[in-house]
Each structure stands twice: as structure tokens, then as C-alpha cells.
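Student: Before we start, here is the structure in question, set down as C-alpha cells.
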Amino acid sequence: MAEESFGTAIDYFEKLEARYPFGQFAQQALLESAYAHYKNDDPELAIAAADRFIKLYPRHPNVDYAYYIKGLFNFNRNFGFFQRYIPTDREQRDQAAALQAFNDFSELLKLFPNSKYAEDSRQRMVYLRNSVAEYDVHVGRYYIKRGAYLAAVNRGRNVVENYPKTTAVPNALAVMLVGYTLLDMEELAQDTRRVIELNYPEHGVLKGPITADSDTGKDSGEWFQFWE
């Protein structure tokens, strides 16, 4: 492990478990192998090892670490080879792993609220909530560009209703305003506009007309600049 020969380390850990399955070192080997699989770019096996440790040793004094590393593995899971060398915004990628990481950290906090990993888990959960909410805004923007205004409104509303304390709320409301306006749902558009004017009076969506190109169904107005 120290030499970062993770494949070789995994082989030794597995041999140790097989030959001495009931010893204290077998328990440690299982935890270490989870981390080694993660470093060896195999998150599926890493999570499987952590899950097996939780199932086999639910009362182990370090079982909170198994929950924590599951969350960490899923937290970093969507950073594959291309993301390492061609950075992209996390909120623009699928959020399945982020949601699973959130659930992993949530379970840790529920079972072990006083764990030494609790505070870091809480901070990561805040980040994950923002990331998932920003992803919905990103998808809402995509739907607007495609002319799928109702789908865009639903994405924005999901953020406002389910992630009300995240940084994505202003743009989620803007997605709703644009969607309602282009759907000619005037009353809902005006209600949404009043909420934005009251809470985010400097938001770019308020600075220009909201229109749609009648030929393509795509957006075309000064309000679009607020996405940038």
C-alpha cells in the first residue's frame, strides 16, 4: 500500500482473509482492501468490500469508517479518466453517484452522530445538495433551449420545493419564470416574477424581455445572458 502497488496489496489482503478468516487482521484486511480497490480505480469492488465489512462486523468499533468510505467512494465516483484530464462541472454530469453518496453520509450520521467522520460528512452533504440542485437547473436550461418548457418548469420547481436552502434556488426560479412565460401561463409567471423581485432583485432574468423564436421554438432574449 505504501508503495502504491494496490493490485499487489489487494492480493495479499485477500490471501490473509482466506487463510485466517476469524482473526482481527482479517477484519482490518477487509477495510484496507476496500481502500485499495478504490485507489486501484475499481469503485464497484471498493463499495462491495465496505458493504461486506458492514454486514460481517456491524458492531466493530470502526464500522463507522466503512460507512464513511462508502460515501467518499461515491462522492468521487463520477470523476473518471476523462474528468481528471478534461475538467467539467460536476453539476453538469449525472447525479446518481452524488445522490448515493448523500444517502451514505446520511446513514452514517443517523447511526453514528458522534463519529469523528460526522462533521466532514455533514459538510459534504451540503455540497452534494447544492450539486444535485445545480444539476436540475442545468437540465432545466437544456429543456428551455429545446422548447420543452413544461419539463423545464418541473425541474425548477423540484429545486425550489426539495432544495430550498441551496445556492441553485435563484436560477431555479428563473427557469420557472422563463418556462411559465413561454407557456403563456401568465398568472404563474407573474407570481414567480414577484418572488424573484422580492428576494433576488438584481437577478439577470429581470433585466430583459422573455421571448421565443417562433420558427425554432428556442429561446432568444436578453434574459438568456443570465445563464452565462
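Student: Between LEU45, LEU182, LEU111, where does the largest GNM mean-square fluctuation fall for the chain, given springs only between Cα atoms within less than 10 Å?
Tutor: Checking each option, the largest mean-square fluctuation is seen for LEU111.
Student: Would you mind counting up the charge near GLU3? Only other residues with Cβ under 15 Å from its Cβ, with Lys and Arg at +1 and Asp and Glu at -1.
Tutor: Neighbourhood net charge equals -2.
Student: Here's something else I'd like to know. Determine ³J(HN,Hα), in whole Hz, for all residues of segment 125-136 in sequence, where each value follows from phi through the Karplus function 6.51 cos²θ - 1.76 cosθ + 1.60 and θ = phi - 60°; x replaces Gly and Pro.
Tutor: Result, rounded to whole Hz: 5, 4, 4, 5, 4, 5, 5, 5, 5, 5, 5, 4.
Student: Then there's this: Residue by residue through segment 19-34, what is 3J(HN,Hα) from phi via Karplus (6.51 cos²θ - 1.76 cosθ + 1.60, θ = phi - 60°)? Round to whole Hz and write x for glycine and proline.
Tutor: Ordered by residue, 3J(HN,Hα) equals 8, 9, x, 10, x, 5, 6, 5, 5, 5, 4, 5, 5, 5, 5, 4 Hz.
Student: Return the distance in nm (one decimal) between the two label points of a simple spin-label model at ARG122 and ARG59, each offset 7 Å from Cα along Cα→Cβ.
Tutor: 2.9 nm
Student: Ok, one more. Just rank TYR127, TYR149, fewest to most, by other beta-carbon atoms within 10 angstrom.
Tutor: Result, fewest neighbours first: TYR127, TYR149.
Student: At 7 Å along the Cα-to-beta-carbon direction for both ARG19 and LYS145, put a label point, then send me their distance in nm to one decimal.
Tutor: For ARG19 paired with LYS145, the spin-label model returns 5.7 nm.
Student: Further, regarding this structure: Between ALA98, ALA18, ALA49, which gets the highest mean-square fluctuation from a Gaussian network model of the chain, Cα cutoff 10 Å?
Tutor: Highest fluctuation of the listed residues: ALA18.
Student: Shifting gears a bit: Mind listing the phi-derived Karplus ³J(HN,Hα) values for segment 35-46, rounded to whole Hz, using 6.51, -1.76 and 1.60 with θ = phi - 60°, and x for any glycine or proline?
Tutor: Once θ is set to phi - 60°, the couplings for segment 35-46 become 5, 5, 4, 4, 5, 8, 6, 9, x, 4, 6, 4 Hz.
Every number here is computed from the coordinates shown, using simple stated rules; none is lab data. Since the model is a prediction, treat every value here as computed from it, not as a measurement. Cβ: placed from backbone, ideal geometry, glycine included. Neighbour counts: every protein chain shown.
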